[in-house]
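S.K.: One structure coming up, written as structure tokens, with questions to follow.
Nothing in this text is a laboratory measurement; each read-out follows from the coordinates by a stated rule. These figures come from a predicted structure and were not determined experimentally. Please note: Cβ atoms are built from the backbone with ideal geometry, for glycine as well, and neighbour counts cover all protein chains shown.
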Amino acid sequence: MKGIFMDAGESLAAVFDRMVRHDDPPVTVNRVADVAPAELRALLADYDFVLDDHSAMPTDQMRACTRLKHVIFLGTGARSYMNPEELAALGITVHTFKGYGDTAVAEHAIALMWAGARGIAMMDRDIRDGGWPRSEGVQLTGKTLGLVGFGGIAAEVARIATGSGMHVLAWNRGPKSHHGVTFVPLPELLAASDVVSVHLLLTDETRGLISRQRIAEMRRGAILVNTARGAIVDEDAMVAALQSGHLAHAALDVFAIEPLPPGHPLTGLDNVTLSAHSAFRTPEASDALIRRALDIAKRLASG
């Protein structure tokens, strides 16, 4: 059994070279960051499994990859790039894993929250342009943070936030409990939170969950943080709420379309802080990411 890491680019290729072991199954490393769907048939023709970091794998294109039996998606959000059920019908199993970057993503969410509260990105932009904006920020100690979804990442966010003197509410689709966190219905969370941070997997049920109506339910002047998936939030409704002042700020690592298209409305708003889907990008998380993927490949190869 042999595989290919089809979209490693130079950065993840370097991580792969560092983490691969002599007893791992053979994996060809494609040091290209972007793979177009039309390239999949030729690229995957000779392989039994593929490591996929961020490339789309449309079912119509994958239908021609008759030898391939396994997709090892590097993370949890495979559904943003492929349809696992349709691939399963073709005899291709999609493997995902979580937990490798919980601390990295949580720290990034916290960083975005504080950057949004203090307007750091706006001040940075204006100072570079020769200005000297001394904007008034929001003090977060004593404020309420609402976590929409509660898995490993949200638990880490809660740990950091409670240690910083914030009150933490959470809503989860299934029953949960956690020390220092109060679980409440979603409408109550939205109405009571000074900061709302999204921590859900993208599924058919969560797509568009933070809708125009949900955004209207949020406390006026709240900050919205999203390090989960862009499609969970109604982007047009969020932009409208930012323009009207109903939302004071949005701090975003994920978007409905990535990379964010030039001229996108979000890029023209001062009350937005943007990062390039990089919350999980730390050396520690990247090492764990590649090693976990190789462990799955090793288990598949051993039967």
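S.K.: Is the C-alpha gyration tensor of segment 145-298 telling us rounded, prolate or oblate? Criteria: a/c under 1.5 is rounded; beyond that, a/b larger than b/c is prolate, otherwise oblate. List each step's numbers first, then the result.
M.R.: Details: a/c = 1.71, a/b = 1.15, b/c = 1.49.
Taking the square roots of the gyration eigenvalues as a ≥ b ≥ c, segment 145-298 is oblate.
S.K.: Shifting gears a bit: Once you order the gyration tensor axes a ≥ b ≥ c over the Cα atoms, which shape class does the chain get: rounded for a/c under 1.5, otherwise prolate or oblate by comparing a/b with b/c?
M.R.: Values: a/c = 1.93, a/b = 1.77, b/c = 1.09.
In terms of gyration-tensor shape, prolate.
S.K.: Filter the chymotrypsin sites (Phe, Trp or Tyr not before Pro) in segment 127-233 to those in DSSP coil with at most 14 other Cβ atoms within 10 Å of their Cβ, and list the result. Please list the in-between numbers first.
M.R.: Details: sites: F150, W171, F183; in loops: F150.
Hits after loop and neighbour filter: nothing returned.
S.K.: Explain nothing, just compute: Karplus ³J(HN,Hα) = 6.51 cos²θ - 1.76 cosθ + 1.60, θ = phi - 60°, for every residue of segment 211-224 in order, whole Hz, x for Gly and Pro.
M.R.: Calculated HN-Hα couplings, in order: 8, 4, 5, 5, 5, 5, 6, 5, 4, 4, x, 6, 10, 10 Hz.
S.K.: Further question on the same structure: About its Cα centre, how strong a charge dipole does the chain have in debye, to the nearest 20, once Lys and Arg get +1 and Asp and Glu get -1 at the Cβ?
M.R.: Values: 29 positive and 35 negative charges, 112 e Å.
With only Lys, Arg, Asp and Glu charged at Cβ, the dipole is about 540 debye.
S.K.: Okay, moving on. Can you show me the helix-derived [θ] at 222 nm for the chain, built from DSSP H runs with n ≥ 4 at -39,500 (n - 2.57) apiece and divided by the number of residues, rounded to the nearest 500.
M.R.: Working: 11 runs with 106 residues, N = 303.
Taken over the chain, the calculation gives -10000 deg cm²/dmol.
S.K.: Here's another thing I want to ask about it. Could you tell me which of T76, L169, T141 has its Cα farthest along the dipole of segment 65-188 towards the positive end, charges placed at Cβ (Lys, Arg +1; Asp, Glu -1), taken about the Cα centre?
M.R.: Farthest along the dipole direction, towards plus: T76.
S.K.: I would also like to ask the following. Using a Gaussian network model of the chain with C-alpha springs under 10 Å, which one of R67, R118, R220 is most mobile by mean-square fluctuation?
M.R.: Greatest mean-square fluctuation among the candidates belongs to R67.
S.K.: Would you mind working out the magnitude of the charge dipole of segment 1-118 relative to its Cα centre, with +1 at each Lys and Arg C-beta and -1 at each Asp and Glu C-beta, to the nearest 20 Debye? All intermediate terms of the calculation are to be shown ahead of the outcome.
M.R.: Values: 11 positive and 16 negative charges, 20 e Å.
Charge dipole of segment 1-118: 100 debye, to the nearest 20.
S.K.: What's the local net charge at F255, with K and R +1, D and E -1, over the other residues with C-beta under 10 Å away?
M.R.: On the way: positive: R229; negative: E235, D253, E258.
Combined, the nearby Lys, Arg, Asp and Glu give -2.
S.K.: With just the Cα atoms defining each centre, how far is segment 179-247 from segment 96-145? Give it in Å.
M.R.: 17 Å
S.K.: Which whole-Hz couplings ³J(HN,Hα) result when phi for each residue of segment 248-255 is put into the Karplus expression 6.51 cos²θ - 1.76 cosθ + 1.60, θ = phi - 60°, listed in order with x for Gly and Pro?
M.R.: Values per residue, Gly and Pro as x: 6, 6, 10, 10, 10, 10, 9, 9 Hz.
S.K.: Under 5 Å between amide H atoms, partner at least 5 residues away or on a different chain: which partners does F183 have, H built in plane at 1.01 Å?
M.R.: Excluding prolines and chain starts, which carry no amide H, the hits are A170.
S.K.: Please arrange S197, S177, S55 by how many other C-beta atoms lie within 10 Å of their C-beta, fewest to most.
M.R.: Details: S197 29, S177 10, S55 21.
Lowest count first: S177, S55, S197.
S.K.: Still on this model: State which stretch of the chain is the longest one without any exposed GluC sites (Glu not before Pro), exposure meaning a DSSP loop state and at most 15 other Cβ atoms within 10 Å.
M.R.: Numbers: sites that count: E136, E205.
The segment 1-135 is the longest one with no such site.
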